[in-house]
Amino acid sequence: MRKPIVDTKRYFYTGFWIVVAMIGIALFSYRTSAPPQAALMGEFGGVSLRIEVATTSAAQERGLSGRESMSGDYGMLFVFPKDGLYGFWMKDMLVPIDIFWLDAQGQVVSIAERVATSSYPNVFYPSAPARYVLETVSGFAQTHTIATGTPLYLKNFPDVSK
């Protein structure tokens, strides 16, 4: 009996294991990739903002670090489970920002304006307990006359109590 020139059985098994490996890699990559953060719209000081919400420890630790620019209509909202004196620093930050601490009703209780990237390792704390922290482009507070008591209004705010 003559042996075939092409060993189709060998190619079939090799192809099968390559496909299995590719599916495994795809599933592993999908499960280990960071989940997309919630995005919503808000109004702050009469300005519409696109807001990225950071609710997980990993997202809060990463924050805005590494970003090379921010638009004037963008903010990152850090959501905490209870009121506290949450400190923020500028580790790995490439752009200066304004930091707003807000109470459980969404009103500003403290502001750090024009926080420079060179301020690291200094930590900035609010003057009163806060539930949320909003970071925006530097100069936002002055440009839009944001002061203590200014409310942040959010549309489709996610339920983060669970």
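Bear in mind that the values in this text are calculations on the coordinates, not laboratory data. Quick caveat: nothing in here was measured; it's all calculated off a predicted structure. Cβ placement follows ideal geometry from the backbone for every residue including glycine, while neighbour counts extend to all protein chains displayed.
Rounded, prolate or oblate: which fits the stretch 98-148, taking a ≥ b ≥ c as square roots of the Cα gyration tensor eigenvalues, rounded meaning a/c under 1.5, else prolate when a/b beats b/c? Judged from the Cα gyration tensor, the stretch 98-148 comes out oblate (a/c at least 1.5, b/c at or above a/b).
Mind running the shape call on the stretch 39-154? Use the C-alpha gyration tensor, a ≥ b ≥ c as the square roots of the eigenvalues: rounded below 1.5 for a/c, prolate if a/b tops b/c, oblate otherwise. Rounded shape, in that the Cα axes give a/c under 1.5. Projecting the Cα atoms of 154, 60, 110 onto the dipole axis of the stretch 39-154, where Lys and Arg carry +1 and Asp and Glu carry -1 at the beta carbon, places 60 farthest toward the positive end. Treating r as the C-beta distance of residue 123 and residue 55 and R0 as 25 Å, the FRET efficiency rounds to 0.75. Of 154, 85, 49, 40, the sequence from fewest to most neighbouring Cβ atoms within 10 angstrom is 85, 40, 154, 49. Between residue 145 and residue 73, the contour length at 0.36 nm per residue exceeds the Cα-Cα span by 24.4 nm. Full extension of the chain segment joining residue 113 with residue 65 gains 15.5 nm, where the gain is 0.36 nm per residue of separation less the Cα-Cα distance. For residue 76, the shell of other residues with beta-carbons less than 13 Å away shows a net charge of -2, using +1 for Lys and Arg and -1 for Asp and Glu.
Averaged over residues, the count of other Cβ atoms within 10 Å places the peptides 90-98, 65-73, 145-153 in the sequence 90-98, 145-153, 65-73, highest first.
Can you tell me the dipole magnitude for the stretch 59-162 around its Cα centre, using point charges on the Cβ only (Lys, Arg +1; Asp, Glu -1), in Debye to the nearest 20?
Values: 8 positive and 10 negative charges, 34 e Å.
In total the dipole reaches around 160 debye.
Got a sec? How would 111, 99 order by Cβ neighbour count within 10 Å, fewest to most? Can you show the working numbers first?
Working: 111 20, 99 23.
Fewest-to-most Cβ neighbours within 10 Å comes out as 111, 99.
Counted residue by residue at 0.36 nm each, then reduced by the alpha carbon distance between them, the extension gain from residue 104 to residue 82 reaches 7.1 nm.
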